[in-house]
Structures are given as C-alpha cells and as structure tokens.
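Please read the structure below before turning to the comments.
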Amino acid sequence: MIKSSPLLSNKNFLYATEFFSGMSIMAVELGAARLLAPYFSSSQIVWTIIIGTIMISLALGNVWGGRRADSDADPAKLYRRLIFAALWIGAIPVLGKYLILALAGVLIVAVDTNLLIWAAFLSCAVIFVPPLFVLGTVTPSLVKYATDSLEHNGRVVGNLNAFNTIGSIIGTFLPTFVTIPTVGTAITFLIFSGVLLLIGVIYFVSIGARKIFCAGAVIIFVTCAILGNSSNFAFWQKNLLYEGESIYNYLQVRENPRQIIFSTNVLFGVQSIKVKDGGLTGFYYDYALAAPLLTDGKKILVLGMGTGTFAEQCRKYFPAAQITGVEIDEKITALARKYFALPDDAEVVTYDGRAFLQSDANRYDVILVDAFQDISPPFQMSSLEFFTLVRDHLVDGGILVVNMNMRGGLNDCLTDTIGKVLPAVRTIDAKNVTNRVLFASRDEKIFDELRARAEKLSDDDFSRLMISVAENWREPTLGDEILTDDRAPVELLSMRALDALIQQHLRYYKEIYRRDGLDGVLNSF
C-alpha cells in the first residue's frame, strides 16, 4: 500500500527534490573531473569521457525512471533510490582512488594502446554511472507524481525543468569557486551526498516508514565522512610535505634526501624541483640556462613560473638578471615561498601567460615558456599566434626557450610552429628524462657563441654542461605541421606520446607477466 506524504501535497518538496538533484549531478560531474585529474589529467579528452559517460547514464536513467514511474507510482521507491545514490556518492572519497588504481592495474595487463583513455573511461563508468543513472530517474518520476491533470501538465513539467536547471547552475559554480578550493574534492562529494541523503530521510520521516533503513543509511554516511574526509590521492606516498588542491590543479610537494619536488599529477611528472645543496638540478632547467648565458641574462621572463626552479637557477648563475615570473595558480606561488624558498622579492604575476604578454609592453632577452596543463601545454600557448606574440616581446638577439615535455608528434608540431616565427632553432634532449629543450632566435649566429662562453665559466659543473649542450644540440629539419589558435590538438598528441612512453616502460614487466605470472612481476622489483 502506498503511503501518502503531506510534503507532496503542494509540490514544493518535489520541486526541492528536482532542484537538489540537478545541483548534485553537476557537482558530481565536477568532482569526477577532480578525482580523475591527478591520475589521468584534466585534459579535454578526459572531460569528454566524463561528460559523455554521465550523459549516457542520465539518458538511460530517464528512460528507465519513466517506465518505472508508469508501472509503479510509489514515491517511496524514488526516495529509496535517492538514498542509494547519496550513499554511493558518499563512498567515492573512501573507495574511488583504490578503484581507479585497481582498474588501471588490470588494464596495464589487458590493453596495449590508449591505456590512459581506457583507464579513464572504465574508472568513470564504474565509479559514476550507478549514482548518476539513479539521479537520471528523478525527473520522469517527479513528473508522474507532480501531475494532477493534463490541464496543468505543461506548467508542472516547466517548473520541474526550471528547478533542475537552477540547481544545475548552482551545482556548477558552488564546487568550482567555493567547496573544492576551500575544503577539497572529498568533502565536496560528502556535502552533496549529505544533501541527497537528507532529502530522502525527510521523505521517509514524513510518512513514518523505513526507520531502520534511514538509520542505517545515516550510519553508513557518517562512516564515509569519517574515513573519506581528506583528498589524499597519493595515499601510498610516505614522504609528502603537502597534498592539496587549487581551483586549477591537484598539488603535491614531496621530499627525498637530495630534492624537494613539486608535481600536479599523482602518477607521473615533475613540474618543479629544488636541489637542497644548491647545485644543478639534473633536469631540463639546467639546459635552458644556455639562453641567459648567450644573452648575458639581463632581462628574463618565465611563463609558467611553477615554484621557481628556473628563476632560482638564473639568480644563482646570473645574479644581475632581472627576472619576472608569470604563474596562473597563486597557490603554487604560495607553495613556492613556503617549501622552495622562493624569495619574497621575486616578482611573480598571477596571470595567464598569453594574457600577460598581450598587456605587457616590455621586451626581454630571454623568454622561457614552461606552461603546462597536466601533461600538455595549453593550446592557446602552443599556436603560431602565441609564438608571434612572444617574438614581438624579444629584444634583437633575444632567445625563446621552450620546455617540450614528451618526445613525439607534439614536439615536432611545436618545432615547426616556432620555426615559422623564429627561424634559427636548436633542440637538445635532456638526459635521463623525457624533456626536450628548444631554443629559437631571429639570429642564427648567436648559437655559435655558446661553447666559447661556456669555457669561460668559473663553475666547473655549469661549464661542462654548457659545453655538452653546445656539442649535442641540433638544428631540426622544419616541416609544415603548424599549430594555430583554430587547430592545436595538443591534448590528443600529448596523450598519444604519454601512452607510448608508458607502454615502453611496461613492456619489460608485461613480458615477465606473460612468462612467469604475477609472482614473477612481484619478484622482479
């Protein structure tokens, strides 16, 4: 027998249900991006997977929910499903990261290409399809319960859609600008889980039913809140100095006996590094010092300051240099000052690199472009139009330096694009890492001076490195793969390059697994 709730008599509770359901859908979608980003990046590819998977879930939920509402018009079943969705969302901070790593581990063995794409899709499907399928059943069910007669059917449906839309708008802005930056992704999931749970519990309290069910749901939610209230994505790491989030990035600072390392990804990548003894880092930043050496390092601009590794190296080896850093994420700058000893007098402008150039009238001897959004450079800082803007901010004889993160098709496109603007180009692959450093200038002859200048350096390590750069950099053959503001598929090219790199590293362990099984892999470490 269907029990009637006084809450449903004037439809306000149904509209509230629609409102908070729409809000939670968008909040979960944004939370999904933040949960997956530290493992798979927040590229357009990952966003496409998230949006596509969620839209399919909602569509299937709409179809199934409508049929269920027609066959059994009991509101209690909808609110029971709502509590299920709430508990699933509340469990994501507790179990989500383990599921991601487990699924990625399975795919490492099972998939030979597009590992990250498949891992992101499977993780999104397993973690987010069930609750969003349930939330997709809300609207057709509420239409059934809220419609008294065909005379007012259009008005009721319009009101429900309006409340859903308004809730979705708030659910878009609230996590992005309030909850995720202030309390993190985990608590964001718990907040919206709690809202949905409260809606369901209020309904059952109003009809005096399912008391044990509601009490059990509350206990499960409280357990999830206790166990999952922190966004410790890299839960296996024991040497973390900091782990957190900003409006733009996942942020991690870790330490080993020799270095302090900053990363915006859990599984791979080093964005900045500080060597405790103050020497060369062993990374691409050292190679980039050839540019200020050739130009006497007078005025230097760093687009993508990070925690200031290159700026610190420039201050050490070229103490008279005037250095300006541009970093879009102010939390990274705060971490730089706290953990990486970035001096308070070091100038850091919180701005997008391209937007900064458009508003800046200065010209520079060296411009380093080292801006990345996870695994790829921002498309707007990879195009012909952008590098033309960079060229216009270089003095005569100035040098552009670009960190190219992974060797592959994207690097060839970037080289061709830069060569169209600055025809004198040299590249060198950094040892023991996957970075390639590109130098470009208007003047071909400027590169001929590097060895002579390197031999005059008083620091032996620095001198040897610069001589090695002079001996090993090469003049690339330029092609016609030009990136523009209209066409710059940097994320797809980066994903392919990273996939190839991962497969290269995994090939050895896959062969052991095929021959000796899991025990063989474990014994190989």
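The values are calculated or read from the model by the stated rules, or taken from the named source; none is laboratory data. Keep in mind that what you see is a predicted model, and the values were worked out from it rather than measured. With ideal geometry, Cβ positions are generated from the backbone for all residues, glycine too; neighbour counts draw on all protein chains shown.
On the basis of being under 27 Å from the mean Cα position of the chain (by Cα) and modelled with pLDDT of 95 or more, does Phe192 make the cut? Can you show your working first?
Values: under 27 Å from the mean Cα position of the chain (by Cα): yes; modelled with pLDDT of 95 or more: yes.
Taking the combined requirement at face value, the residue satisfies it.
Here are Leu357, Leu389, Leu342: which of them is in contact (Cβ under 8 Å) with a residue 12 or more places away in the chain, assigned to a loop (DSSP other than H, G, I, E, B), buried (at least 16 other Cβ atoms within 10 Å of the Cβ) and more than 22 Å from the chain's Cα centre (by Cα)?
Working: Leu357 fails: assigned to a loop (DSSP other than H, G, I, E, B); Leu389 fails: assigned to a loop (DSSP other than H, G, I, E, B).
Every option except Leu342 fails the conditions.
Quick check on this structure: which one of Arg67, Arg34, Arg81 is part of a helix (DSSP H, G or I), over 33 Å from the mean Cα position of the chain (by Cα) and of a type outside the set (Asp, Glu)? Even if it seems obvious, please write down each step before you answer.
On the way: Arg34 fails: over 33 Å from the mean Cα position of the chain (by Cα); Arg81 fails: over 33 Å from the mean Cα position of the chain (by Cα).
None of the others qualify; the one that does is Arg67.
Would you kindly identify the strands (runs of 3 or more DSSP E) lying entirely within region 256-322 that contain at least 3 residues that are assigned by TED's automatic domain parsing to the domain that holds Asp396 and among the aromatic types (Phe, Trp, Tyr)?
none
Exactly one of (1) without any contact (Cβ under 8 Å) to a residue 24 or more places away in the chain; (2) surrounded by fewer than 20 Cβ atoms within 10 Å (Cβ to Cβ); (3) within 24 Å of the chain's Cα centre (by Cα) is unmet by Leu174. Its number?
In the conditions (1) without any contact (Cβ under 8 Å) to a residue 24 or more places away in the chain; (2) surrounded by fewer than 20 Cβ atoms within 10 Å (Cβ to Cβ); (3) within 24 Å of the chain's Cα centre (by Cα), Leu174 misses (1) alone.
Residues that are within 29 Å of Phe40 (Cβ to Cβ) and in contact with a Pro (Cβ under 6 Å, 6 or more places away or on another chain): does region 383-406 have at least one?
no
Quick test of your reading of the structure: Ile328 fulfils all but one of (1) outside any loop (DSSP other than H, G, I, E, B); (2) closer than 25 Å to Arg487 by Cβ; (3) of a type in the set (Val, Ile, Thr). Name the failing condition by number.
Evaluating Ile328 over (1) outside any loop (DSSP other than H, G, I, E, B); (2) closer than 25 Å to Arg487 by Cβ; (3) of a type in the set (Val, Ile, Thr) leaves (1) as the failure.
Using beta carbons and a limit of 7 Å, which pairs, at least six apart or on different chains, have the first residue in region 415-431 and free of Cβ contacts under 8 Å to residues at least 24 places away in the same chain and the second one assigned to a strand (DSSP E or B) and of a type in the set (S, T, N, Q)?
From residues that are free of Cβ contacts under 8 Å to residues at least 24 places away in the same chain, the pairs are Ala424/Ser441.
List pairs: first in region 202-224 and closer than 21 Å to Phe13 by Cα and in the same structural domain as Ile191 (by TED's automatic domain parsing), second crowded, with 16+ Cβ neighbours inside 10 Å and aromatic (Phe, Trp, Tyr), Cβ under 6 Å, 6+ apart or cross-chain?
That search, which allows pairs on different chains as well, returns Tyr203/Tyr79; Arg210/Phe204; Cys214/Phe204.
Mind listing whichever residues of region 463-499 are within 19 Å of the chain's Cα centre (by Cα) and among the aliphatic types (A, V, I, L, M)?
Ala488, Val490, Leu492, Leu493, Met495, Ala497, Leu498 - these are the residues of region 463-499 that are within 19 Å of the chain's Cα centre (by Cα) and among the aliphatic types (A, V, I, L, M).
Considering only residues that are within 20 Å of Ser41 (Cβ to Cβ) and charged (D, E, K, R), look in region 203-251 and name the one that is surrounded by the fewest Cβ atoms within 10 Å (Cβ to Cβ).
Only one residue tops the list, namely Glu243.
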